[in-house]
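J.: Here's a structure for you.
Quick note: the coordinates plus some simple rules give every number you see, no bench work behind them. All values reported here derive from a predicted model rather than from experimental measurement. Neighbour counts are summed over all protein chains in view; Cβ atoms, including those assigned to glycine, are modelled from backbone coordinates with ideal geometry.
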Amino acid sequence: MNTFISNSTILVISLLIQFSISAQEKPEYVIVIHGGAGVITKENMTDEKEAAYIQKLNEALRVGAKKLKTGGTAIETVIAVIKIMEDSPLFNAGKGAVFTHDGKNELDVSIMDGKTLNAGAASGVSNVK
């Protein structure tokens, strides 16, 4: 089933890759994001809400690009981008997380540095700022 978030994410990624490749032979970097799990169908999406999703996804991409261009590490960039998305109620993460059967949030998180293979994770986090 096609979902709005999947289609929007693919569009944003495609445009970013196309722009990067046209600007130089080998892209300096590529940022890939998605808005979380779930199904949002086009028929249940208003133009205003669609614009809000696109604006927030673009904001996250801009923050990530700025972080990388100013010397930020991949890990610092991931954290900066995730903060934007988790602070938005639009996405299934952080403030937008769905509730469990008991009406509570239980969140999981993981991160890995591909260069060093250092990793960290937390599971069952229930306090959301």
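J.: Suppose the chain between K95 and V125 were pulled fully straight at 0.36 nm per residue; how much longer would it get relative to their current alpha carbon spacing? Working shown, then result.
T.: Numbers: separation 30, 0.36 × 30 = 10.80 nm, distance 1.27 nm.
Computed gain between K95 and V125 is 9.5 nm.
J.: If you don't mind, there's one more thing I want to ask. Once fully extended, how much extra length lies between E48 and E28, figured as 0.36 nm per residue of separation less the alpha-carbon to alpha-carbon distance? Write out the running numbers ahead of the final one.
T.: Working: separation 20, 0.36 × 20 = 7.20 nm, distance 3.35 nm.
Additional length available on full extension: 3.8 nm.
J.: Can you list the lysines whose alpha carbon is less than 19 Å from that of K69, not counting same-chain residues fewer than 8 positions off?
T.: K69 reaches K26, K83, K115.
J.: Here's something else I'd like to know. Using the Karplus curve 6.51 cos²θ - 1.76 cosθ + 1.60 with θ = phi - 60°, work out ³J(HN,Hα) for each residue of region 38-51 in order, rounded to whole Hz, and write x for Gly and Pro.
T.: x, 10, 10, 8, 4, 5, 9, 10, 7, 4, 5, 5, 4, 4
J.: Please check which bits of region 91-129 a label hung off I75 would reach, taking the label as a point 7 Å along Cα-to-C-beta and the cut-off as backbone N under 18 Å.
T.: 109-123
J.: Considering only C-alpha atoms, what is the centroid distance from region 35-88 to region 100-129, in Å?
T.: So the separation of the two Cα centres works out to 18 Å.
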